[in-house]
1. Restricting things to Cα coordinates, could you compute the convex hull volume per residue of the range 70-175 in Å³?
2. Dipole of the range 1-91 (Lys/Arg Cβ +1, Asp/Glu Cβ -1, origin at the Cα centre): which of 25, 41, 74 lies farthest to the positive side?
3. Restricting to DSSP H runs of at least four residues, report the calculated mean residue ellipticity at 222 nm for the chain, -39500 (n - 2.57) per run over all residues, nearest 500 deg cm²/dmol.
4. Which of 60, 14, 138 moves the most in a Gaussian network model of the chain with Cα springs under 10 Å?
5. Have a look at 11, 113, 87 and tell me which one the Gaussian network model of the chain (Cα, springs below 10 Å) gives the largest fluctuation.
6. What ranking do 40-46, 95-101 get when scored by the average of other Cβ atoms within 10 Å per residue, highest first?
7. Express the carbon and sulfur contribution to the solvent-accessible surface of the range 23-175 as a percent, rounded to the nearest whole number, probe 1.4 angstrom.
8. What accessible area per residue comes out for the chain, rounded to a whole number of Å², with a 1.4 Å probe?
Amino acid sequence: MTSEEKSERRELIVSSAHLAGGSSPALSELEYGSILFSHAFNRWLVRCMAAAGVPGLSPVEILIIHSVRHRDRPKTLADLCLVLDIEDTHVANYAIKKLEAAGLVKSGKAGKEKTIHVTDMGLDALKRYTEIRERLLVEATKVSGLSQDGLSDIASHLRALSGYYEQAARSAATL
């Protein structure tokens, strides 16, 4: 049985049946899965950080502090917006100000550019976050049977798909 025949025999799980009626119903399934995943991921970020002792941060703020911590090198606003694909620099700037007010990051200068660094308080929070993530999330994914290679393959496909959606968005803007 081909994969196409298998998909015809199973019930599609979609949020928009009118989109699943086209030539790629599996893409509609992926989109619905992406919606569920993105909401679950955002909830996870917020609740894990709260469990680590830092309640009240938004998903963007949490992603920014993780990115600032990445490789223990200071980041610029432009670096963060590029890596996290944040179009509106005001969103990132507001998040950085909130993280600074909470004592989790501090700003500095590299030449004329403002840089952002994680504080010791921020490092402690991220250490607790990492420990909670290992205990609650990493252990659960190990039990699921997903291998590290399998997770990497999924991540690779998601990055490629994000490029297709970005190109389609640019094309749609010209219509």
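1. Working: hull volume 16.0 nm³, N = 106.
Spread over its residues, the Cα hull of the range 70-175 gives 151 Å³ apiece.
2. Of the listed residues, the answer is 74.
3. On the way: 9 runs with 115 residues, N = 175.
Calculated mean residue ellipticity at 222 nm is -20500 deg cm²/dmol.
4. 14
5. For the chain, modelled as a Gaussian network with Cα springs under 10 Å, the answer is 11.
6. Numbers: 40-46: 14.4, 95-101: 17.6.
Top to bottom by mean Cβ count within 10 Å: 95-101, 40-46.
7. Carbon with sulfur: 59 percent of the solvent-accessible area.
8. Numbers: 12110 Å² over 175 residues.
Per residue, the chain has an accessible area of 69 Å².
The values are calculated or read from the model by the stated rules, or taken from the named source; none is laboratory data. Keep in mind it's a predicted model, so treat the numbers as computed, not measured. Every residue, glycine among them, receives a Cβ derived from its backbone with ideal geometry; neighbour counts consider all protein chains shown. SASA here: full protein model, heavy atoms, side chains in, ligands and nucleic acids out. Shrake-Rupley method; radii C 1.70, N 1.55, O 1.52, S 1.80 Å.
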